[in-house]
Amino acid sequence: MSNNQLANIKQKKLAKERTAFNNSRSDMSDVSFDIGKSSYTAKVFGIIVLYAVFFGGRILLRQFVGNPDKTFSIGDIIFWCCIGIMAILVIVAFIREKSKPTISVSGKTVFYNGNCWTSDEISYVRCTKWFERVEVYSNGKKVLTFPWELENSELFIAWVNKCGIAFEDYRMKAFQ
């Protein structure tokens with residue numbers, strides 16, 4: 001995924017965040033959504049690993065054909081170790097992503113991992129600057145955190161604004 005495609009995704013999410021729930025009821029009884037488990041970080045790293053394996057494999061084959069000793073240089077060993085570590089990290093990220101409980105919003109209530117909070121119980125919500133993580137606080141204590149890149153996370157921020165919950169937005173403004 002290129003930087004331009006990532007910028008387009010961010011711009012679409014921001015536009016959806018601004019317009020979502022404009023026509024919803026004041027009691028939010030018509031609002032219901034889940035914050036998805038699909039993020040693009042693991043996918044981007046997966047694509048990088050596949051790219052490196054493909055072109056690294058081609059280089060390795062070319063070197064192997066012209067190498068009568070069938071030995072590897074220290075550079076080859078380091079390269080393939082790095083690719084292996086990245087592949088393991090991608091697999092771990094996918095497994096972690098799929099095993100996390102789903103965050104659900106219904107009306108003015110947020111559900112996560114057997115816990116629920118109404119909009120009145122949520123003190124404020126913050127979106128951090130660098131990794132753009134959404135943090136939910138209740139009575140001054142962080143009760144929930146998730147990346148803004150998740151599917152429907154922009155709906156959560158629109159829900160926060162519609163419910164009148166204090167929102168601290170520290171996201172990078174480069175794509176807005």
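Quick note: the coordinates plus some simple rules give every number you see, no bench work behind them. Being a predicted model, the structure only gives us computed values, none of them experimental. For neighbour counting, all protein chains shown are included, and Cβ atoms are generated from backbone atoms with ideal geometry for every residue, glycine included.
Could you pull out the pairs from 16/142; 10/129; 10/43; 12/142; 108/162; 129/162 whose alpha carbons sit more than 19 Å apart here? Please list the in-between numbers first.
Details: 16/142 26 Å; 10/129 14 Å; 10/43 16 Å; 12/142 28 Å; 108/162 10 Å; 129/162 22 Å.
Cα-Cα > 19 Å for 16/142; 12/142; 129/162; rest within.
When a/c is below 1.5 the answer is rounded, else prolate if a/b is larger than b/c, else oblate, so apply that to segment 91-175 with a ≥ b ≥ c taken from the square roots of the Cα gyration tensor eigenvalues.
Working: a/c = 1.73, a/b = 1.12, b/c = 1.54.
Taking the square roots of the gyration eigenvalues as a ≥ b ≥ c, segment 91-175 is oblate.
Computed from the mean reciprocal separation of all distinct C-alpha pairs, what Kirkwood hydrodynamic radius does segment 41-98 have, in Å? Could the numbers behind the result be given before it?
On the way: mean 1/r = 0.0800 Å⁻¹.
Taking the inverse mean of 1/r over all distinct Cα pairs, segment 41-98 comes out at 12.5 Å.
Extending each Cα 7 Å along its Cβ direction at residue 151 and residue 45, get the distance between those two points in nm, one decimal.
Using points 7 Å along Cα→Cβ, the separation is 2.0 nm.
Subtract the Cα-Cα distance of residue 83 and residue 130 from 0.36 nm times their separation in residues, and report this length gain in nm to one decimal.
Values: separation 47, 0.36 × 47 = 16.92 nm, distance 2.54 nm.
Gain on stretching residue 83 to residue 130: 14.4 nm.
If we restrict to alpha carbons, what Rg and Dmax does the chain come to, in Å?
Considering the chain through its Cα atoms, Rg and Dmax are 21.6, 76 Å.
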